[in-house]
Amino acid sequence: MTKAWTVKDIPSQTGKRVIVTGANSGIGWHAALELARAGAEVTIASRNEAKAADAVHRILAIAPGASIHAGTLDLSNPASVKAFADSQLTLSRPLDILINNAGVMALPDRRETQDGHEMQFATNVLGPYRLTGLLLPALLQSAAPRIVTVASGTHAIGGPVPIPDLDSKQNYKPIKAYAKTKLANILFARELQRRAGGRLLSTISHPGDRRRIYLRTQASS
């Protein structure tokens, strides 16, 4: 590239339907804003209904003509994931882009979800995995479906994942537990691309520095 990429380089997204999880704030909100400004129909999925509604209000204040919606989604709760996915599938329309952005980071104390999983692993890994699988029928209706997994350079912290302890029951350390989830995100996105072949595009993004590193998964690498 001969020049720095900016949001002005986003091509028209008119006619595309997009879901961004955790888009009530941060990079998720900005992604939702710019995709909506580019013409996409965007759904903000957040575990806090009031915050999702506020995010929609803030986007409409900037882009009054935007097609933007709010949905309730708690990735740590399988019932919530299914309810949200069902609400989207009921629309009987293609889903062009799913951005798995929502997550929690470095919780100071180990916490478990109602079904017994460590909170970071449940929210950052199991929830997006379940959501993606449930939404695949709608994604595969799209002519060019894309799934974006927001990972992190912290995936390299601590070396290989101890497979028997994905829920960090032994020696819980906040940032190492988080790093484990980000490595799992990368492995999921890569394997999804390998299995999907040309039926969809699975991408991984590390948004944590100014270099804007976007890695397309390679099944052969």
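The values are calculated or read from the model by the stated rules, or taken from the named source; none is laboratory data. None of the values given here were measured: they were computed from a predicted structure. Note that each Cβ is placed from the backbone with ideal geometry, even for glycine, and that neighbours are counted across all protein chains shown. Areas reflect the complete protein model, heavy atoms only, side chains present, ligands, DNA and RNA absent. Shrake-Rupley method; radii C 1.70, N 1.55, O 1.52, S 1.80 Å.
Quick notes
- Which listed residue, of L126, L183, is in contact with a helix residue (DSSP H, G or I) (Cβ under 6 Å, 6 or more places away or on another chain) and open to solvent by 20 Å² or more (accessible area, probe 1.4 Å): L183
- Any hit, region 8-16, residues being over 16 Å from the mean Cα position of the chain (by Cα) and of a type in the set (D, E): yes
- Scanning region 13-45 for residues that are of a type in the set (V, I, T) and within 12 Å of I59 (Cβ to Cβ) gives V20, V42, T43, I44.
- R199, sole failed condition from (1) surrounded by 19 or more Cβ atoms within 10 Å (Cβ to Cβ); (2) of a type in the set (D, E, K, R); (3) modelled with pLDDT of 95 or more: (1)
- Any hit, region 74-86, residues being within 23 Å of Q141 (Cβ to Cβ), among the hydroxyl-bearing types (S, T, Y) and open to solvent by 20 Å² or more (accessible area, probe 1.4 Å): no
- Between A179, A138, the distinction of being modelled with pLDDT of 95 or more, within 23 Å of R47 (Cα to Cα) and out of contact with any Asp or Glu (no Cβ under 8 Å at 6 or more places or on another chain) belongs to A138 only.
- Restricting attention to region 171-205, the residues that are in contact (Cβ under 8 Å) with a residue 24 or more places away in the chain and among the charged types (D, E, K, R) total 5.
- Flag for I97 being farther than 15 Å from V125 by Cα and touching a strand residue (DSSP E or B) at 6+ places or on another chain (Cβ under 6 Å): yes
- When region 146-167 is limited to residues that are modelled with pLDDT of 90 or more and open to solvent by less than 50 Å² (accessible area, probe 1.4 Å), the one that is nearest to P108 (Cα to Cα) turns out to be D167.
- Of all residues in region 112-122, those satisfying the criterion of being touching a helix residue (DSSP H, G or I) at 6+ places or on another chain (Cβ under 8 Å) and surrounded by 15 or more Cβ atoms within 10 Å (Cβ to Cβ) are T113, H117, E118, Q120, F121.
- Filter result (surrounded by fewer than 19 Cβ atoms within 10 Å (Cβ to Cβ) and either closer than 20 Å to S12 by Cα or in contact (Cβ under 8 Å) with a residue 24 or more places away in the chain (or both)) within region 48-70: N48, K51, D54, R58, L60, I62, A63, P64, G65, S67, H69
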